[in-house]
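The values are calculated or read from the model by the stated rules, or taken from the named source; none is laboratory data. Remember, it's a predicted structure, so these values are computed and weren't measured experimentally. Please note: Cβ atoms are built from the backbone with ideal geometry, for glycine as well, and neighbour counts cover all protein chains shown. Areas reflect the complete protein model, heavy atoms only, side chains present, ligands, DNA and RNA absent. Shrake-Rupley method; radii C 1.70, N 1.55, O 1.52, S 1.80 Å.
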Amino acid sequence: MNFNFRILPVILAGLALITGGQLQAQSKYTINGYVKDQSNGEALIGATVYIRQAATGTVTNVYGFYSLTLDPGTYTVEFSYLGYQSIEQEVVLDKNIRIDLELPLVAAQLTEVVVEADRDRENNVQSVEMSTNKLDIATIKKIPAFLGETDVLKSIQLLPGVSTVGEGASGFNVRGGSVGQNLILLDEAPVYNSSHLLGFFSVFNPDAVKDTKLYKGAIPSRYGGRLASLLDVRMKDGNNKKYEVTGGIGTIFSRLAVEGPIVKEKGSFIVAGRRSYADILARPFVELLQDGGALNFYDLTLKANYTLNAKNRVYASGYFGRDNFMFDANQGFDWGNSTATLRWNHLFNDRMFANVSAVFSNYDYALAFGEDDLDKFKWSSNIQNYMVKPEVTYFINSDNELSFGGEFTKYIFEPANALGVSDGAAIDISLPEKNTIEAAVYIGNSQKINSAIAVEYGLRYSYFGLFGAGTLYTYDNSTPGESKEVIATETFGRGEKMQTYDNLEPRLALKVQMNQRSSVKASYNRMVQYLHLISNTTASNPLDVWTPSTNNIEPELADQFTVGYFRDFGSNQDYEASIETYYRDTQNQIDYIDGAEILLNENLEADLLIGSGRAYGVELFVKKNSGKLNGWVSYTVGRTELQVEGINRGQWYPTRFDQTHNLKIAAFYDINKRWSLSSDFVFITGTPTTFPTSRYVVQGIVVPHNTNDSRNNVRIPSYHRLDLSARMEGRQFKRNGKERKFKDYWVFSVYNLYARRNPFSIYFSQQDVRTQPGTPTTTQATQLSIIGTIVPSVSYNFKF
């Protein structure tokens, strides 16, 4: 590999510039340590550590670690986290001090009064972060879900700027981006298909998830690789104090998780599994399932960690999941993800924290047809990646937190291993493997200028290379909008460099504090995407193709600008609100000619069209954090459009993800200690689609025609839905007054309460009736609704 290092001196010079004037004299001392959950030893991500006398503080990182450097003196250190009791400690800082602390959960009866101590509420206003939403698993479990099952992806779709093109659609869309423009990480491992059951459930087992964070903009320099968003899902470490079993029995699947200490308070593990059983229950009544057919999904999530000593800790985690749709023993299709992550945390000193991760990820799918070996078709495809990612955080002082590191990823694409057999004659129609490398180095600093102004700035340099063996094609681009002809080819041997790209990706975020309760924030970031999800359907599906950048497909680039106003209000600051406006300009966006061949096409690039894109809008968000009634309201008005030569006469047109209005309401109400209610309402403008503008008839057959070559020229009707659920806690105490170790609860839910037949798509067909001579040939429009009725469900959940 001929890696381009010319930018490294610039980055190192920037590192020296940032740190040169910041290093403190030896009279400064440091407080550092870990903040954890007292009940199970789990690290608390984003817990607030506040120094009252210095009016400064910080938050814990994703491993629960914090560090603050201050002048010598006596300080009151306040540790807080939403939903936990705050703890204060008096500290005489005359040397470096380590304080590892465990916060106790707030008892249910104290929820309404322990408000003022929750300093982390102020992060909405005082943090530099914007275009970011965080949901802990406790909140996710409150949200009504399809068939009563808690789901991470369905939950984030209730946030501003996040939508989906309909029920049964895989993935999600952020600020008008495509499904393939979201980077989804599970313990740092990329997940390429995040859905089970064609989009009705996600691959994330709620019993194994600790925290989710969605970045829609202002993305830190340590992240890259996608244009629209980053969803960072962190798994639980496992209870290091006692053994626990958690599970549930639902309408569609059951789940079970076991966690406990490897060595008490030193190491722990968690193993969580799920399996659907619709095919098992239906097998006695459905002949297809008795002949080897299958309709199920399963997944297994594992994690273990161990503290070697005060400065070293290791983690290992993995995910294995699969969906099976088999029509019989030989025909059907399946898909699945596998990930593995090894991590090492190391404290170099009181102010320098490092993490090194080694990551493996694989996504594959297979398709098979044919009743015997004489006539059959089999096809499989996969994308693998191997990643090494070192990163260092240096807490320079209480006003500067420096981060730097890099990542190196090797990708292996197998677009198609395909074999067709006709009358016993086999034909291999496989497509060649593609090998690529993506590497990046980055540096960033989070800096408090003064009590009112804070900035976060960084720079990322990324490199991408496509390597042989393989063939590069050159196409004739003289006729826009039509499939291109091959005019030249060039063949490369194994390991030879075929095509390379490199880019600088600057990041900047600014916060100006107006007063204690309000601030204005702004951000800019450039993102570059070297991998592309090729899909010409309304909704992404498991058979969509991932392909790398080549000489014909340049990297996608996006520049996003965001400005927002943030405010806390209410007597205890238990309300937070924000309004953000964004504009994203994108280059090298992919669209398709009419009738493009996506699958098993050696000349796929001949059917692709490249153009420009833009997405812009306004997001409003109001949230109530405490009290018996809490929840949030979000509203987004936005547009996302493309301009591609050869489509729509070269004029701007809406993408299939363009949804002008997006309203979400989520509400939770605690009736008493045993009963609680939750509800959500969704309204989304219908997605664009292309309808013919005229027709002509040939021998009684109607041929639709688009006379002005328009793309996405109409919208299907709007989507709206109301869900309700009730949760009943099991008895907390035995008859003798002692507390029960066995905890359980029931969830009763109703999805689509008023039975709205939301359209997924609308298609046209000719009536299946012979037309009499001289009579006009008639056609009809048919609306497809995935779920067109009310869906009640019940699930039982337990923990002991």
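Just check the stretch 203-314 against the gyration tensor rule for me: Cα atoms, a ≥ b ≥ c as the square roots of the eigenvalues, rounded for a/c under 1.5, and otherwise prolate or oblate depending on whether a/b exceeds b/c.
Oblate, since a/c reaches 1.5 and b/c is not below a/b.
So what's the net charge close to Thr537: Lys and Arg +1, Asp and Glu -1, counting the other residues with Cβ under 11 Å from its Cβ?
0
Using the scaling law 2.2 N^0.38 Å as the reference, what is the normalised Cα Rg of the stretch 624-770?
Output field value: 1.70.
Taking K and R as +1 and D and E as -1, what net charge do the other residues with C-beta under 14 Å from the C-beta of Glu485 add up to? Don't jump to the answer; show the numbers that get you there.
Numbers: positive: Lys484; negative: Asp476, Glu482, Glu602, Glu605, Asp607.
Every neighbour counted, the sum reads -4.
With each run of n ≥ 4 DSSP H residues scored as -39500 (n - 2.57), what mean residue ellipticity at 222 nm is computed for the chain after dividing by its residue count and rounding to the nearest 500 deg cm²/dmol? Numbers along the way, then the final one.
On the way: 6 runs with 35 residues, N = 800.
My calculation for the chain gives -1000 deg cm²/dmol from helical runs alone.
Of Val644, Thr436, Thr687, which is farthest on the positive side of the dipole of the chain, counting Cα position, with +1 on Lys and Arg Cβ, -1 on Asp and Glu Cβ, and the Cα centre as origin?
Positive-most Cα among the choices belongs to Thr687.
Report ³J(HN,Hα) in whole Hz for each residue of the stretch 390-407, in order, from the Karplus equation J = 6.51 cos²θ - 1.76 cosθ + 1.60 where θ = phi - 60°; Gly and Pro get x.
The phi angles translate into x, 8, 10, 10, 10, 7, 4, 7, 5, 10, 9, 10, 9, 10, 7, x, x, 8 Hz.
Suppose all protein chains stay in the model; what accessible area per residue would a 1.4 Å probe give for the chain, in Å²?
Working: 33630 Å² over 800 residues.
That works out to 42 Å² per residue.
Treat every Asp and Glu Cβ in the chain as -1 and every Lys and Arg Cβ as +1, leave all other atoms uncharged, and give the resulting dipole magnitude about the Cα centre to the nearest 20 debye.
2880 debye
Of Lys36/Lys241; Lys142/Lys664; Lys36/Lys141; Lys36/Lys242, which pairs sit farther than 18 Å apart, going by alpha carbon to alpha carbon?
Lys36/Lys141
Under a Cβ-Cβ cut-off of 12 Å, what is the net charge of the residues other than Gly613 that fall near it, where Lys and Arg count +1 and Asp and Glu count -1? Walk me through the numbers before you get to the answer.
Working: positive: Arg175, Arg584, Arg614, Arg639; negative: Glu556, Asp559, Asp585, Asp591, Glu641, Asp658.
Once positives and negatives cancel, what remains is -2.
Would you mind pulling out the separation of the Cα centroids of the stretch 533-599 and the stretch 73-107, in Å?
40 Å
Averaged over every viewing direction, what's the projected area of the C-alpha convex hull for the stretch 566-656? Give it in nm², one decimal, please. The partial results should precede the final answer.
Values: hull surface 36.2 nm².
Directional mean of the projected Cα hull area for the stretch 566-656 stands at 9.1 nm².
When the dipole is taken about the Cα centre of the stretch 257-411, and only Lys, Arg (+1) and Asp, Glu (-1) are charged at their Cβ, what size is it in debye, to the nearest 20?
960 debye
Using the alpha-carbon atoms, what tilt in degrees (0 to 90, nearest 10) does helix 8-20 show relative to the longest principal axis of the chain?
Its long axis makes an angle of about 30 degrees.
With no solvent and one point per C-alpha, what does the Debye sum give as log10 I(q)/I(0) for the chain at q = 0.09 Å⁻¹?
The computed values of log10 I(q)/I(0) come out as -0.93.
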